[in-house]
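Engineer: Quick one: the structure is below, questions incoming.
Please treat every number below as a calculation from the coordinates, not as lab data. Being a predicted model, the structure only gives us computed values, none of them experimental. Glycine also receives a Cβ, built like all others from the backbone with ideal geometry; neighbour counts cover every protein chain displayed.
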Amino acid sequence: MSSTEQGTSSAAPAEPTTAPESAAAPEVPESFYYVHGKDKVVHKVSAGALQHSALIHGMISNLGYTEEQAKANPFPFENIDGDILQMVVDWCNQHKGKPTPPEDTNLPKQKEKLFDLVLAVNYLEIKELLTYCCKQVAMMVKGKSPEEIREIWMIPTDAEDEAAEKEAKKRAGKEAAGETAAAAGDAK
Amino acid sequence: MPIALLKFPTDLLRDVFKFCDPFELYKLSKCSKRTQRSIKLSGRKNWRIRYFDPGTVIIYVDHWLYRFEKAEKKEDYFKGSMLKPMSMRYPDEVVDLFFNLLDTFGICRVGMLSIDFRNFESFSNIANILIERNMEIEEFHIGSEPDVKDAAHIMPLVNRMNITQYFECDPRFLCRFHYQLETFPKKVFINWSYWFNIGQLLNNSCVRMELFKSNLSNQDLDVFLRKWKNPETFPNLGWLKIYGKKIDNQSPILDMIPPIQIVGNPRAEVTFGYRKDIVDGVPVSKDDGTVGWLKVELGGRWPELKFLVVNPDDTVITSR
């Protein structure tokens, strides 16, 4: 589990604590990188753990940062909530250098965070975790009736969809009219 | 804790739907038009569908088979079994279910339609849409049922359906109507075939045809076999079997008075899904050199004619 410090910015990150290492120490010194989410809390994560994320792995392979440079330039993921990023970092640390077993007991269980977790994992391109999360989402409706599925997955009715579509068209029309009026005003 | 599934991008929806079985996707398709569209967008397998009167629909792909059965009571809606064969009871009209499955799973091939006239209106609705879409129907089976008052309406539908592999017709239709089979899949089996006349026999393009309780006479069969001897006629024919009371010893077939056989002649054998053979048959040559083996027997309850056309690729001739 990695630990973090609050309130550091991406430009000048505070000294984060290191994630625990596995029992067998690597022969070659491991390189570390730094990431933060919307809450600016910086997480120090080993390159090995970050290999799970195709997105970050692609970024660090191109950079060739030194330890100092990496510390000074944490990867900002402003679109990911801090607690979600924490879950993802924990998972990457737990699965550093090993494949995920088919039934992984170390995976995040918080159902209320599942939606944001899926989006984050999808964005970070962590294939194995994404597969697990999608399976969790699918399992939510196992054996349920259409009405129950509608509630669990917050599916609007056809009437609600139509009303929303009408509303969106109306809003777009108003916006277009507003822009035209503004343009006419500018011309005067 | 609910989650707003439809806010996921399409690729994520696809990943979620991969873990849903067809029963769940069908239930999801019933939630709204938008969910049905999302399932369609999420990629397609090569599903096929089977329909069995009066209300069973099966979809299948590879070794997976999902059975939808009509629910009798409201408390049974969407209940089922995940033991093989996996099944679920549905609340809709069977026609609605059938088209929902076609659309939701992008099914473009019907493995089998099987009707027994218990729900002819549903069947004709399904048939008409399949005709409209020109969908391939591999097998069509008309099952045995005593009340066949709708039979007069069936042949016009059959003739417009794109049946490619097999047509089986079991029931005894009423004599007062005329029935005409105009399009032929590879294999045809008609149990009460009294209505299948020489005109239809001469018109056929089958690989395998079996006509039981036939009204075809020696003269009819003589006409047919003489036509077969001409080059380029009936190029597909491999097997013909006819049981009929009008096959007798009163007139010749290809200049031979039945029974037609030569004891001690070889066994000619071919496999069309299952084995067909003629023992002690008489060789008959087509003008292009193709050989057929003919045997006509008069003993037994129904006199029978068997005719096997030798195809070097699949026919085995064994000396006895």
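Engineer: Could you name the aspartates and glutamates in cross-link range of B:Lys286, using Cα to Cα under 12 Å and dropping any fewer than eight places away on the same chain?
Structural biologist: B:Glu232
Engineer: What ranking do A:Leu63, B:Leu240 get, fewest neighbouring Cβ atoms within 10 angstrom at the top?
Structural biologist: Fewest-to-most Cβ neighbours within 10 Å comes out as A:Leu63, B:Leu240.
Engineer: Now for a different question. Quick one: Cα centre-to-centre distance for segment B:42-87 and segment A:122-179, in angstrom?
Structural biologist: 27
Engineer: A further question on this structure: Gap in Å between the Cα centre of segment B:267-305 and the Cα centre of segment A:36-98?
Structural biologist: After rounding, the separation between the Cα centres reads 77 Å.
Engineer: Just tell me how shielded A:113-126 is by partners: mean number of partner chain Cβ atoms within 10 Å of each residue's Cβ, no decimals.
Structural biologist: Per residue, the number of nearby Cβ atoms from other chains is 2 on average.
Engineer: Take the Cα atoms of the protein assembly as shown, find their three principal axes, and give me the spread along each one in whole Å, biggest first.
Structural biologist: For the protein assembly as shown, the Cα spread along each principal axis is 109, 66, 56 Å.
Engineer: Rounded to whole Å, give me the distance from the Cα center of segment B:1-19 to that of segment B:212-255.
Structural biologist: Measuring centre to centre over Cα atoms gives 62 Å.
Engineer: Cross-link partners among lysines for A:Lys113, C-alpha distance below 17 Å, same-chain residues fewer than 8 apart left out?
Structural biologist: The reachable lysines, counting only those whose Cα sits under 17 Å from A:Lys113, are A:Lys38, A:Lys135, B:Lys7.
Engineer: Output the pairs from A:Lys127/B:Lys84; A:Lys144/A:Lys170; B:Lys84/B:Lys187; A:Lys144/B:Lys74; B:Lys227/B:Lys276 with a Cα-Cα distance over 26 Å in this structure; if there are none, say none.
Structural biologist: A:Lys127/B:Lys84; A:Lys144/A:Lys170; B:Lys84/B:Lys187
Engineer: Using the number of other C-beta atoms within 10 angstrom as an exposure proxy, rank B:Asp150, A:Asp186, B:Asp53, A:Asp116 with the fewest first.
Structural biologist: A:Asp186, B:Asp150, A:Asp116, B:Asp53
Engineer: While we're here: Excluding same-chain residues fewer than 8 positions from B:Lys245, which lysines have a Cα within less than 21 Å of its Cα?
Structural biologist: Cross-link targets: B:Lys213, B:Lys295, B:Lys306.
Engineer: Per 0.36 nm of contour for each residue apart, how much would the distance between B:Lys149 and B:Trp302 grow if the chain were fully extended, relative to their Cα-Cα spacing?
Structural biologist: So the extension gain works out to 52.4 nm.
Engineer: Now a separate question. Report, as an integer, the average count of C-beta atoms from other chains found within 10 Å of each Cβ along A:163-170.
Structural biologist: 0
Engineer: Skipping prolines and chain starts, which residues have an amide H placed within reach, meaning under 5 Å, of the one on B:Ala71, given they are 5 or more residues away or on another chain?
Structural biologist: B:Tyr90
Engineer: Among B:88-95, B:9-16, how do they line up from the highest to the lowest mean number of other beta-carbon atoms within 10 Å?
Structural biologist: B:88-95, B:9-16
Engineer: Same structure again: Using just the Cα positions, wrap chain B in a convex hull and report its mean projected area in square nanometres, one decimal place.
Structural biologist: 20.9
Engineer: Got the relative contact order for chain B handy, in percent, Cα pairs under 8 Å and 6 or more residues apart?
Structural biologist: It comes to 9 percent, rounded to a whole number.
Engineer: Based on DSSP, what percent of beta bridges with both residues in chain B are antiparallel, to the nearest 5?
Structural biologist: 55
Engineer: Nothing charged except the Cβ atoms of Lys and Arg (+1) and of Asp and Glu (-1): what's the magnitude of the dipole of the protein assembly as shown about its Cα centre? Round to the nearest 20 debye.
Structural biologist: The calculated dipole for the protein assembly as shown is roughly 1400 debye.
Engineer: What is the helix-to-structure angle for B:120-132, meaning the angle in degrees between its Cα long axis and the longest Cα principal axis of chain B, kept from 0 to 90 and rounded to the nearest 10?
Structural biologist: 90
Engineer: Same structure, new question: Would you kindly derive the ³J(HN,Hα) couplings of segment B:282-292 from the backbone phi angles with the Karplus curve 6.51 cos²θ - 1.76 cosθ + 1.60 (θ = phi - 60°), listing them in order in whole Hz, with x for Gly and Pro?
Structural biologist: 10, x, 10, 9, 7, 5, 8, x, 4, 10, x
Engineer: For B:Lys245, enumerate residues with amide H under 5 Å from its amide H, sequence gap 5+ or separate chain, H modeled in the peptide plane.
Structural biologist: B:Ser214
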